Amino acid sequence: MIRPLRIVFLGNDRWSVPSLQAIAGSSHEVVAVITAAPKPAGRGNELRPTPVADAARDAGLPLHQVETVKTGTGADVLGSSAPDLLIVVAYGEILPQAMLDLPTIAPVNLHFSLLPELRGASPVQTALLEGRDGTGVTTIVMDAGMDTGPVILRRPEAIEPEDDTGSLGDRLASIGAEVLVETADRFANGAVEPRPQDEAAATFTKLLGADDRVLRWSEPARDLVNRTRAMAPEPGASARFRGEDLKILRAEAVPAVGEPGTIVDASKLGFVVATGEDGFRAIELAPAGRRRMRASDFVNGYRPVVGERLG
């Protein structure tokens, strides 16, 4: 019989939701869900709650939407909840040591890589950018560092050739939810022996910005395809066509030669751009102000011609 633990859950992202749902459906008690306060979003700038807030309401869990947990209401809720475990999944705020010391057992983080590899803000995107064929999830006991705490459980997962950040992240979120429940169960049974990370094996990721979206045609096509996968479905890899923004959302590398950035083929299969090595065939894209479409429909509508250049 597993002893039910009192759990405070911190998360904001849609990838946090499977973990919240799994913990809520386990033998443990979610005594508080803490998430960011609603923020303006969309064309009307209407206040929009986080995906975690929506999931907590749907499950009837005690929800607290706060600006921060370091001070004010967030700190009060965390301090008064008397948690056994503090569980953090894609929350996005660095917690001070005083917060990490609050749970009676441990603060636990679910990270979307096989730590110590790919520490930091963008492990899913960076795994795709680097063209890796595998990644995974890890639960750790949180410490004051960035993803540096002792490892509790790790579970590997293959990266499929068709994966983009959306599909890979969704799959890791689902796998991570299972690992998180197993982690909580092990703590409840006293069967946890966290292992220090190997600092010599650590690699790091950064917070990706607008410049990371840009497709630079002098690079090899395989690298540009990996960048496209990493940026899809949002915000999309970025190119310029006839002076307008063009989001590339799915692509493949194909044999081709030509001046980098030049269209060398346009047909019902889409169009191919020459790169520093091989060709880049766009498969799905979104012109400025338009929805996602197949590249073949783009060719039919915009009529790109061989020899035309993309920025």
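Summary of values
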| quantity | calculated |
| --- | --- |
| Accessible surface of region 223-311, 1.4 Å probe, proportion on carbon and sulfur as whole % | 48 |
| Average accessible area per residue (Å²) across the chain - probe 1.4 Å, nucleic acids and ligands excluded | 47 |
| Candidate aspartates and glutamates for bridging to Lys70, where Cα separation is under 16 Å - those fewer than 8 sequence places away on the same chain excluded | Glu93, Asp101, Asp143 |
| Where labels lie 7 Å past Cα in the beta-carbon direction, separation of Gln97 and Gln21 in nm | 3.9 |
| Contour minus Cα-Cα distance for Arg222 and Thr148 (0.36 nm per residue) | 23.5 nm |
| Within region 40-100, trypsin sites (Lys or Arg not before Pro) in DSSP loop having at most 10 other beta-carbon neighbours inside 10 Å | Arg43 |
| Protein accessible area in region 1-156, 1.4 Å probe - carbon and sulfur % | 52 |
| Dipole of region 167-311, positive direction: furthest Cα of Pro233, Trp217, Tyr302, with charges on the beta-carbon | Tyr302 |
| Using alpha carbons only: equivalent-ellipsoid semi-axes of the chain, gyration tensor based, whole Å | 42, 21, 15 |
| Max mean-square fluctuation residue, GNM over the chain, Cα-Cα springs under 10 Å, options Ala24, Ala55, Ala200 | Ala200 |
| Cβ-derived FRET efficiency at R0 35 Å, Asp133 paired with Arg242, nearest 0.05 | 0.45 |
| Between region 115-193 and region 211-228, the alpha-carbon center distance in angstrom | 26 |
| Cα-centre dipole for the chain with unit charges at Cβ (Lys and Arg positive, Asp and Glu negative), debye to 20 | 900 |
| Under 27 Å from the Cα of Lys247 - lysines, other chains or at least 8 residues apart | Lys39, Lys206, Lys268 |
| Crossing angle, helix 221-231 versus the chain [Cα axis fit, 0-90 degrees, rounded to tens] | 40 |
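The values are calculated or read from the model by the stated rules, or taken from the named source; none is laboratory data. Because the structure is predicted, anything quoted here is derived from the model rather than measured. Glycine gets a Cβ as well: all are built from the backbone with ideal geometry, and neighbour counts include every protein chain shown. Accessible surface is based on the protein model in full, side chains and every heavy atom, while ligands, DNA and RNA are left aside. Shrake-Rupley method; radii C 1.70, N 1.55, O 1.52, S 1.80 Å.
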